[in-house]
Amino acid sequence: MKSGSVFRSHRKRSFAILGLLALVVIGVSVVAASYDKGVHWHPNLSVTRNGNPYTVPANIGIDSSLWKDHSLDQYGIGMAPLHTHDTSGKIHVEVNTSHRDFTLHEFLAIWGQPGDGSSIDGHRVTSLTVDGAQQASPTGDVVLKDGQKIAMTLSA
């Protein structure tokens, strides 16, 4: 009879441990589901001047000489949250949050251009097109989105 009561106490302990384990698994699942993984998008910026392509430099937001504005550093992952890797014009939006929009003007500021989008390397922006649609103002700001095509035309 004594062995039966020991068996029952082990069974109760086993159920308690299983119940606690189930609560931990549920808690971890809820936290993981609400964790903000951020975003990794690729809008594309093409710039022309006098009808010719104007190169968007590689390593904007990575190379210190092309990383002038650090106001968004808290959203980055070891480099500026808005950066380039090559001269293709692909902007990498690699940020640790999905709860904030990032803009073309912020990218330009990181690059060291006027944050109002008025010029690039001293050449006035005369036209701004997003996904084929002409923007009302050539210096209007654009919220960056994945796959977006942004075209800027510069004065001579």
Roughly speaking, what is the centre-to-centre gap between region 137-152 and region 39-80 when only Cα atoms are used, to the nearest Å? 13 Å
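Given a 1.4 Å probe and heavy atoms of the protein chains only, how would you sort MET79, MET152, largest accessible area at the top? If you can, show how the numbers build up before the last one.
Details: MET79 50, MET152 5 Å².
Result, largest first: MET79, MET152.
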Keeping all protein chains in the complex and leaving out DNA, RNA and ligands, what accessible area do you get for GLU94 with a 1.4 Å probe, in Å² to the nearest 10? 30 Å²
When the chain is fully extended, how far beyond the present Cα-Cα distance does SER127 get from HIS10, taking 0.36 nm per residue of separation? 34.5 nm
How much accessible surface area, in Å² rounded to 10, belongs to the heavy atoms of ASP146 with a 1.4 Å probe? 100 Å²
Fraction of accessible area attributable to carbon and sulfur, region 50-156 (%, probe 1.4 Å): 48 percent
SER98 versus TRP41, label points 7 Å from Cα toward the beta carbon: distance in nm? 1.2 nm
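Subtract the Cα-Cα distance of SER118 and HIS70 from 0.36 nm times their separation in residues, and report this length gain in nm to one decimal. Don't skip to the end; give the middle numbers.
Values: separation 48, 0.36 × 48 = 17.28 nm, distance 1.98 nm.
The span from SER118 to HIS70 would gain 15.3 nm if fully extended.
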If the reach is capped at under 19 angstrom between alpha carbons, list the aspartates and glutamates near LYS37, excluding any in the same chain fewer than eight residues apart. ASP73, GLU94, ASP101, ASP146
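Find the relative contact order for region 80-156 and round it to a whole percent, using C-alpha pairs within less than 8 Å whose residues are 6+ positions apart. Walk me through the numbers on the way to the answer.
Working: 114 pairs, mean separation 19.9, N = 77.
Dividing the mean separation by the residue count of region 80-156 yields 26 percent.
Could you sort HIS83, HIS105, HIS10 by accessible area so the largest value comes first, with the probe set to 1.4 Å? Display every interim value, and only then the final one.
Details: HIS83 0, HIS105 30, HIS10 90 Å².
These residues rank, largest area first, as HIS10, HIS105, HIS83.
Can you give the net charge of the other residues whose Cβ lies under 14 Å from the Cβ of VAL47, counting K and R as +1 and D and E as -1?
Values: positive: ARG49, LYS90, ARG124, LYS149; negative: ASP121.
With Lys, Arg at +1 and Asp, Glu at -1, the neighbours total +3.
The values are calculated or read from the model by the stated rules, or taken from the named source; none is laboratory data. This is a predicted model, so every value here is computed, not measured. As a convention, Cβ positions derive from the backbone with ideal geometry for all residues, glycine included, and neighbour counts pool all protein chains shown. Surface accessibility is based on the protein's heavy atoms, side chains included, excluding ligands, DNA and RNA. Shrake-Rupley method; radii C 1.70, N 1.55, O 1.52, S 1.80 Å.
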